[in-house]
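Peer 1: Structure below; questions to follow.
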């Protein structure tokens, strides 16, 4: 994976890396993770009390990070016999997208290359995780979002280039979109996903694009040139914030699709971003740098014209 990301950074990331940053935005590393234990954080979901629930990809784990920075492992998924060698593009088993319900129930994805374990899981407080939907073993389920009004989960598959839907109660995963805009172009395609105002937003890592899907309308490419784009979040004023993995940046994206990097020292291949109040929680997995995976807190940018 490090070789693939390095190639991506060299071929498509340099222009963005040289872009001028926006005005100074305070940031600090809140938690340092243990690379030797496979604590490479892939995705994040926040609770009202400031607890961050994360997936540690290489460790196949789900963990809770307290506001004070303590780490509690909630679940470890079983390793496949071959270690996940059949997982497309990556060759190792990993936990990926995660969302949290209001009652504290967690849902997350596991890509193992094994048809018996690859899928969408439910983890209730104090219980063991249970698979509620099987997913294709030849795929790489990655991003996960929940649409409350529709009581439906939406998930991206980075290898198959699809978005699938799973009902809240679990059951059969049905392909919701296989638009060509989601397809990979050599490594990983559809990646991050969010539901916003009745639309589904997704990213394509290989193509460096931000996409919007609205019912009955063609796919909209809302931004391009976002090398290594992974996850996204929305601020209260509808700015898009995105993590760019290989270029090692967090950027804001305006309505015209223009990206501006946020100054942040210590990013190590950022994978995921979430917003609580005025604070962005940014995970760095150090997939490429191999140094200091961490959780960084960044003050969210303020709307233009406001102090």
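Peer 1: What is the one condition in (1) in a strand (DSSP E or B); (2) modelled with pLDDT under 95 that residue 297 does not satisfy?
Peer 2: Exception for residue 297: condition (2).
Peer 1: When the residues of the range 166-186 are filtered to those that are in a helix (DSSP H, G or I) and touching a strand residue (DSSP E or B) at 6+ places or on another chain (Cβ under 7 Å), which remaining residue is surrounded by the most Cβ atoms within 10 Å (Cβ to Cβ)?
Peer 2: Result: 182.
Peer 1: Still on this model: Hey, among the residues in the range 1-52 that are modelled with pLDDT under 95, closer than 23 Å to residue 156 by Cβ and in a loop (DSSP other than H, G, I, E, B), which one's farthest from the chain's Cα centre (by Cα)?
Peer 2: Per the criteria, the residue is 13.
Peer 1: If a residue must be surrounded by fewer than 16 Cβ atoms within 10 Å (Cβ to Cβ) and on the phi < 0 side of the Ramachandran plot, how many such residues does the range 237-254 contain?
Peer 2: Going through the range 237-254 one residue at a time, the tally reaches 2.
Peer 1: Now a separate question. Could you check the range 149-159 and list, in sequence order, the residues that are touching a strand residue (DSSP E or B) at 6+ places or on another chain (Cβ under 8 Å) and farther than 16 Å from residue 198 by Cα?
Peer 2: Listed by number, the residues that qualify are 156, 157, 158.
Peer 1: Go through 138, 114 for me and flag whichever is within 30 Å of residue 217 (Cα to Cα), out of contact with any helix residue (DSSP H, G or I) (no Cβ under 7 Å at 6 or more places or on another chain) and either surrounded by fewer than 16 Cβ atoms within 10 Å (Cβ to Cβ) or at pLDDT 95 or above (or both).
Peer 2: Result of the check over 138, 114: 138.
Peer 1: To continue, here is another question. Consider the range 275-291. How many of its residues are surrounded by fewer than 22 Cβ atoms within 10 Å (Cβ to Cβ) and in contact with a strand residue (DSSP E or B) (Cβ under 7 Å, 6 or more places away or on another chain)?
Peer 2: 4
Peer 1: Right, another one. Tell me, which residue of the range 223-237 that is closer than 15 Å to residue 278 by Cβ and assigned to a loop (DSSP other than H, G, I, E, B) is modelled with the highest pLDDT?
Peer 2: Ranking the qualifying residues of the range 223-237, first place goes to 235.
Peer 1: I'm trying to understand the selection: among the residues of the range 82-97, which are over 20 Å from residue 183 (Cβ atoms) and buried (at least 23 other Cβ atoms within 10 Å of the Cβ)?
Peer 2: Answer for the range 82-97, where residues must be over 20 Å from residue 183 (Cβ atoms) and buried (at least 23 other Cβ atoms within 10 Å of the Cβ): 93, 94, 95.
Peer 1: I'd like the full set of residues that are part of a loop (DSSP other than H, G, I, E, B) and either over 11 Å from residue 161 (Cβ atoms) or touching a residue at least 40 places away in the same chain (Cβ under 8 Å) (or both), limited to the range 188-219.
Peer 2: Within the range 188-219, 188, 197, 198, 205, 206, 208, 214, 215, 216, 217, 218, 219 meet the criteria.
Peer 1: Please tell me if residue 257 is assigned to a loop (DSSP other than H, G, I, E, B), in contact with a strand residue (DSSP E or B) (Cβ under 6 Å, 6 or more places away or on another chain) and at positive phi.
Peer 2: yes
The values are calculated or read from the model by the stated rules, or taken from the named source; none is laboratory data. Every value quoted in this text rests on a predicted model; they were computed, and no experiment measured them. Cβ sites come from the backbone with ideal geometry, for glycine too, and all protein chains shown count toward neighbours.
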